[in-house]
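Every number here is computed from the coordinates shown, using simple stated rules; none is lab data. Everything numeric in this text was worked out from a predicted model, so none of it was measured. All Cβ positions, glycine included, derive from the backbone under ideal geometry; neighbour counts span all protein chains shown.
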Amino acid sequence: MNQPLIGITACHVTTKEGHPAVRLLRAYVTAIAQAGGVPILIPPDLDEPAWQTLLPRLDGVLFSGGADIGPEHFAGELHPTIEVEAERDAIELPLLRAALNADKPTLGICRGLQVMNVALGGTLYTHILDQLPGALQHDWHDKPRSTLAHPVRVEEGTRLAEILSAPMLKVNSLHHQGIQKLAPGLKATAYTPDGLIEGIELPENKFTLAVQWHPEWMTEHAEMRRLFRTFVEAAQ
Ligand code: MN
């Protein structure tokens, strides 16, 4: 059986020797491979003709975590903590729209959820702690990435609920931004107790789903392995 090709967006870094590099944390690669997909790195360097060439050959696209989205893309409030990677915004926003137009199975993780919301016309809190009254702690970067930080309530009747088959579960949390205004057409599928949306999907698409947490660091939990497996199966 042919294994589906899953493109995964990557970021730019500088190695400790000072060399520019393209980076993708291995947890994404391992999670996709374990779910039966072939992980393919999508460097932010691709121009539009290049990614337009690549996209039809991919069976699914995973929009990975990373830097903040430039607030100019959603008229967001400026905040001193914002750290953007403009090259990723430049490829990922149009790539996501093209993937959805082609009804290509798409999974968004953390920044990937934010890319999905912004690409479809939604907005973000640019620093949850200062902008969402009563916000929980969502930035747990000083703890191991698998740390279960807060609960999420999963909305009944959603694709996400069907996959996770748990109405309430604890997840990790490695973000300081989040959805403020949900984009038209998207359905909220999970909420934290402070009211933040942590899951979204496009109900009419084959598989267009995103989560604010990092399931790739939670693959010891059967629910999260199921999330990757369902995505890869949809791409099959
Ligand atoms: Mn969170």
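Being among the aromatic types (F, W, Y) and surrounded by 23 or more Cβ atoms within 10 Å (Cβ to Cβ) is a description that does not apply to F207.
A Cβ distance below 7 Å, combined with a sequence gap of six or more or placement on separate chains, defines the contacts here; from the stretch 188-212, residues that are in contact (Cβ under 8 Å) with a residue 40 or more places away in the chain reach residues that are of a type in the set (F, W, Y) in the pairs E198/Y191; E198/W213; F207/F231.
A quick yes/no check of all residues on (1) under 20 Å from P184 (Cα atoms); (2) in contact with a Phe, Trp or Tyr (Cβ under 6 Å, 6 or more places away or on another chain):
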{"residue": "I82", "(1), (2)": "no, no"}
{"residue": "A98", "(1), (2)": "yes, no"}
{"residue": "L107", "(1), (2)": "yes, yes"}
{"residue": "R111", "(1), (2)": "yes, no"}
{"residue": "T126", "(1), (2)": "yes, no"}
{"residue": "L136", "(1), (2)": "no, no"}
{"residue": "L148", "(1), (2)": "no, no"}
{"residue": "E155", "(1), (2)": "yes, no"}
{"residue": "L160", "(1), (2)": "yes, no"}
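When G112, G185 are screened for being on the phi < 0 side of the Ramachandran plot and small (G, A, S), only G112 passes. Checking the stretch 142-157 against the condition returns a match, with at least one residue being within 11 Å of the ligand (Cβ to nearest atom), within 17 Å of P215 (Cβ to Cβ) and out of contact with any strand residue (DSSP E or B) (no Cβ under 6 Å at 6 or more places or on another chain). Checked against (1) in a loop (DSSP other than H, G, I, E, B); (2) more than 20 Å from T123 (Cβ to Cβ); (3) more than 11 Å from the ligand (Cβ to nearest atom); (4) not acidic (D, E), Q137 meets all criteria but (3).
Taking the conditions exactly as written (closer than 19 Å to A235 by Cβ and exposed (fewer than 12 other Cβ atoms within 10 Å of the Cβ)), does R57 satisfy them or not?
Taking the combined requirement at face value, the residue satisfies it.
When the stretch 191-221 is examined, which residues are found to be part of a strand (DSSP E or B) and closer than 26 Å to D59 by Cα?
Matches in the stretch 191-221: E198, G199, I200, E201, T208, L209, A210, V211.
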